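What follows is a short report on a single structure.
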Amino acid sequence: MEGGEDLALESIIRFEHVSKNFQSRKLEVHAVKDVNLEIEKGEIFGIIGFSGAGKSTLVRCMNLLERPTTGNVFFQGRNLCRMKNKELRETRQKMGMIFQQFNLLEQRDVWGNIYYPLEIAGVDRAKRAQRIEELLDVVDLADKAHAFPSQLSGGQKQRVAIARALATDPEVILCDEATSALDPITTEAILDLLKKINESRGVTIVVITHEMRVAEQICDRIAVMNQGKVAEIGTVQDIFLKPKSETARKLIQSGGLVRAGNHPAGSLRIAFDGHTSSDPIISELTVYCDEMINILGANTENIGGKAYGQILIEIPANPDKLHKMEHFLTEKGIHYEIGGNV
């Protein structure tokens, strides 16, 4: 297969050796470095990493708001990088976008904000009102149709932004840190809404976030980014249980177990899947090893409707006790890491 050819693929978005550089007078910044990535139709795909990892640049390459320096981006098997302007504009209408700061038109009310993309897309006038009413019901804002952005809460503004992104009936919604400006309760409500939209309409959703808990709540698969590169890709469950990259480990820790970068060298992380999270593992481990266990941190997350948990314990000073711990956990089929390394 030659790079740059248009191919009919099952994936809805595909990156082929994509890099993006920014040049200033004194410095060239390599924001995205040789990324290969496939996002399947109908899934909720997360791109996660700390600030400066290249996440936002990567998502803006998906609809060519940022044109890659090298490489190719395919949407529904067609190479966006080879499209002329008119064709690219038409294709972008199939990709809605939601931003961290909402980006609503302050001089227009809720109705007017949702009306705007329908007007730009040339949707028949007779169908616009019907479409707006439908979308207001979807985001539960029918009573706010004539309110202006200044009269709305942050969560309500993001609901308007979601309705606006859905206006042209897109195949994909790109969410760039869409919940970062919201409180935890509102964040959960917005993520639940996005999940319902995904399930009811089959819209593919790409979520950019620096919060592992956001990815755990909504995503099917995630790509972990670090310094412009994809460090690893996998299901949320697999990465939670068996992170392969140091970035993934730190993101998991920052989700509530311990602060990123503060994983003690003399510690052991035990990860529970949905089947073992309710078992009294620590009690059994204490009896089996005849050793008092010092718990350094713990949390539980809902991933895919199942309880996944992690506990950080202090490694005993006696090497024989540690060996017994490892033997017990291995026999039980429980995932663990010592000092951050599997």
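The values are calculated or read from the model by the stated rules, or taken from the named source; none is laboratory data. All figures in this text were calculated on a predicted structure; none of them were measured in a lab. Here Cβ is always computed from backbone atoms with ideal geometry, including for glycine, and neighbour counts include all displayed protein chains. The protein model used for the area step is the full one, side chains on, heavy atoms only, and it has no ligands, DNA or RNA in it. Shrake-Rupley method; radii C 1.70, N 1.55, O 1.52, S 1.80 Å.
Here the strands (runs of 3 or more DSSP E) wholly within the range 197-237 that include at least 2 residues being over 12 Å from the mean Cα position of the chain (by Cα) and at negative phi are 229-235.
Consider the range 286-315. How many of its residues are farther than 25 Å from Asp238 by Cα and either in contact with a Lys or Arg (Cβ under 9 Å, 6 or more places away or on another chain) or in a strand (DSSP E or B) (or both)? Going through the range 286-315 one residue at a time, the tally reaches 4.
Please verify whether the range 175-186 includes one or more residues that are farther than 18 Å from Met62 by Cα, touching a strand residue (DSSP E or B) at 6+ places or on another chain (Cβ under 7 Å) and not in a loop (DSSP other than H, G, I, E, B). Looking through the range 175-186, none of the residues is farther than 18 Å from Met62 by Cα, touching a strand residue (DSSP E or B) at 6+ places or on another chain (Cβ under 7 Å) and not in a loop (DSSP other than H, G, I, E, B).
Every listed requirement among (1) at pLDDT 95 or above; (2) open to solvent by 20 Å² or more (accessible area, probe 1.4 Å); (3) more than 17 Å from Gln227 (Cα to Cα) is met by Arg25 save one, (1). Taken over the range 110-144, residues that are open to solvent by 30 Å² or more (accessible area, probe 1.4 Å) and over 27 Å from Met62 (Cβ atoms) amount to 13.
Of the residues that sit in the range 75-86 and are of a type in the set (Lys, Arg) and either under 12 Å from Arg14 (Cα atoms) or in a loop (DSSP other than H, G, I, E, B) (or both), which one is least open to solvent (accessible area, probe 1.4 Å)? Per the criteria, the residue is Arg78.
Name the residues in the range 45-55 that are under 13 Å from the mean Cα position of the chain (by Cα) and either open to solvent by less than 10 Å² (accessible area, probe 1.4 Å) or over 21 Å from Arg221 (Cα atoms) (or both), would you? Listed by number, the residues that qualify are Phe45, Gly46, Ile47, Ile48, Gly49.
Got a sec? Which of Asn103, Asn72 is surrounded by fewer than 18 Cβ atoms within 10 Å (Cβ to Cβ), more than 19 Å from the chain's Cα centre (by Cα) and not in a helix (DSSP H, G or I)? So that I can check it myself, show each step before the final result.
Values: Asn72 fails: surrounded by fewer than 18 Cβ atoms within 10 Å (Cβ to Cβ).
None of the other options fit; the residue is Asn103.
Among the residues of the range 145-164, just one is in contact with a strand residue (DSSP E or B) (Cβ under 9 Å, 6 or more places away or on another chain) and open to solvent by 10 Å² or more (accessible area, probe 1.4 Å), namely Arg164. Arg213 meets all of the listed conditions (1) crowded, with 19+ Cβ neighbours inside 10 Å; (2) free of Cβ contacts under 8 Å to residues at least 40 places away in the same chain but one, namely (2).
Among the residues of the range 218-249, which ones are open to solvent by 30 Å² or more (accessible area, probe 1.4 Å) and either in contact with a strand residue (DSSP E or B) (Cβ under 7 Å, 6 or more places away or on another chain) or under 21 Å from Met62 (Cα atoms) (or both)?
If the condition is that a residue be open to solvent by 30 Å² or more (accessible area, probe 1.4 Å) and either in contact with a strand residue (DSSP E or B) (Cβ under 7 Å, 6 or more places away or on another chain) or under 21 Å from Met62 (Cα atoms) (or both), then Asp220, Arg221, Asn226, Gln227, Lys229, Val230, Ala231, Ile233, Thr235, Gln237, Lys242, Lys244 are the ones that fit.
The residue list Gly71, Gly77 contains one member that is of a type outside the set (A, V, I, L, M) and either closer than 18 Å to Ala178 by Cβ or at pLDDT below 95 (or both), which is Gly77.
Residues in the range 296-305 that are out of contact with any helix residue (DSSP H, G or I) (no Cβ under 6 Å at 6 or more places or on another chain) and either under 11 Å from Ile270 (Cα atoms) or in contact (Cβ under 8 Å) with a residue 40 or more places away in the chain (or both): 3 in all.
Residues are listed down the side, and each one gets a yes or a no for (1) farther than 22 Å from Ala248 by Cα; (2) assigned to a helix (DSSP H, G or I); (3) under 15 Å from the mean Cα position of the chain (by Cα):
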position	(1), (2), (3)
Glu16	yes, no, no
Lys20	yes, no, no
Val32	no, no, no
Glu38	no, no, yes
Gly42	yes, no, yes
Thr57	no, yes, yes
Cys61	yes, yes, no
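Residues that are touching a residue at least 24 places away in the same chain (Cβ under 8 Å) and within 35 Å of the chain's Cα centre (by Cα) within the range 306-327 comprise Lys306, Ala307, Tyr308, Gly309, Gln310, Ile311, Leu312, Ile313, Glu314, Ile315, Met325, listed in sequence order. Of all the numbered requirements in (1) touching a Gly at 6+ places or on another chain (Cβ under 7 Å); (2) open to solvent by 20 Å² or more (accessible area, probe 1.4 Å); (3) over 26 Å from Met212 (Cα atoms), Leu182 misses one, and that requirement is (3).
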